[in-house]
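What follows is one structure encoded as structure tokens, with my remarks underneath.
The values are calculated or read from the model by the stated rules, or taken from the named source; none is laboratory data. What you see is a predicted model, and the numbers here were worked out from it, not measured in a lab. Because the Cβ atoms are built from the backbone with ideal geometry, glycine has one as well, and the counts that use them run over all protein chains shown.
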Amino acid sequence: MTQDELKQAVAQAAADYVAQHAPAGSVIGVGTGSTANFFIDALAPLKSKYRGAVASSEATRKRLEGHGFAVLDLNDVDDIPVYVDGADEIDRGMHMIKGGGGALTREKIVAAVAKTFVCIADGSKLVETLGKFPLPVEVIPMARAHVARELAKLGGEPVLRQGFTTDNGNLILDVKGMAITDPVGLETRINQITGVVTNGLFAVRGANVLLLGTPEGVQTFA
Ligand code: 5RP
């Protein structure tokens with residue numbers, strides 16, 4: 001199977017999960033990226049069952065609207081039973097690195113509201129230790145150099161993502177060379193640097209369910 005076929009398989013499994021676990025009339029949280037895009041396509045036949053969706057990025061909002069979903073402002077939503085999103089890496093403790101697509105802050109906000117975070121990923125994303133994938137950090141533009149110096153003090157090698165501005169008008173530093181043995185501690189530490197909006201470690205609030213695409217089928221971890 002190709003990587004896209006694995007992503008499509010987990011996307012369909014996630015749509016099935018939503019159909020079983022999200023009550024009719026509820027609001028679905030939707031992540032960002034190529035796997036999340038396959039999920040939106042798989043969820044489309046169910047759209048009339050739900051009040052609508054909350055999008056974690058402008059790209060996701062556009063794709064949802066293209067399928068005829070009502071896309072709601074998170075401030076008008078009290079609860080989200082299920083949030084479905086991809087990851088750049090996930091470990092066996094359900095901690096993730098996210099933000100390869102630069103949507104980490106809105107993803108983290110929607111995930112914070114959601115009751116259940118369902119991570120959808122092809123098998124290549126499951127790792128023993130997080131950190132091979134450079135850790136994205138969203139930064140207020142005037143703090144870029146300060147935050148980069150502070151990240152270097154933590155042992156990382158921050159690289160400015162060229163030509164990229166987040167949906168929130170900020171910059172991304174991709175931090176290479178971090179061996180992340182304490183994901184919760186590092187997420188908390190980086191978020192304390194003045195000028196950081198948030199970082200791409202999703203460890204304090206990790207995934208609750210992992211749907212992992214493998215050539216043998218979709219494996220479920222919970
Ligand atoms: C975007 C993300 C994505 O979930 C992550 O980059 C995975 O993307 P893909 O499904 O395309 O591999 O965090 O900010």
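May I ask you to verify whether G29 is crowded, with 20+ Cβ neighbours inside 10 Å, of a type outside the set (D, E) and within 20 Å of A112 (Cα to Cα)?
yes
Mind listing just one residue for me: the one in the stretch 179-202 that is in a loop (DSSP other than H, G, I, E, B) and surrounded by fewer than 22 Cβ atoms within 10 Å (Cβ to Cβ) and, of those, modelled with the lowest pLDDT?
In the first step, residues of the stretch 179-202 are kept if they are in a loop (DSSP other than H, G, I, E, B); the result is 179, 181-182, 192-195, 200.
Checking which are surrounded by fewer than 22 Cβ atoms within 10 Å (Cβ to Cβ) leaves us with 179, 181-182, 192-195.
On the way: A179: 81, T181: 95, D182: 97, Q192: 98, I193: 98, T194: 98, G195: 98.
Of everything passing the filter in the stretch 179-202, A179 is modelled with the lowest pLDDT.
Out of all the residues in the stretch 53-108, which are in contact with a Leu (Cβ under 7 Å, 6 or more places away or on another chain) and not in a loop (DSSP other than H, G, I, E, B)? Reasoning before the result, please.
Taking the stretch 53-108 first, the residues in contact with a Leu (Cβ under 7 Å, 6 or more places away or on another chain) are 53-55, 71, 89-91, 94-95, 97-98.
Hits for the stretch 53-108 are A53, V54, A55, V71, E89, I90, I97.
All but one of (1) out of contact with any His (no Cβ under 9 Å at 6 or more places or on another chain); (2) crowded, with 20+ Cβ neighbours inside 10 Å; (3) among the small types (G, A, S); (4) not in a strand (DSSP E or B) hold for A207, so report the exception by its number.
(1)
Considering only residues that are under 24 Å from A14 (Cβ atoms) and either in a strand (DSSP E or B) or among the basic types (K, R) (or both), which ones fall in the stretch 121-154?
Those that are under 24 Å from A14 (Cβ atoms) and either in a strand (DSSP E or B) or among the basic types (K, R) (or both): A121, D122, K125, L126, L130, P136.
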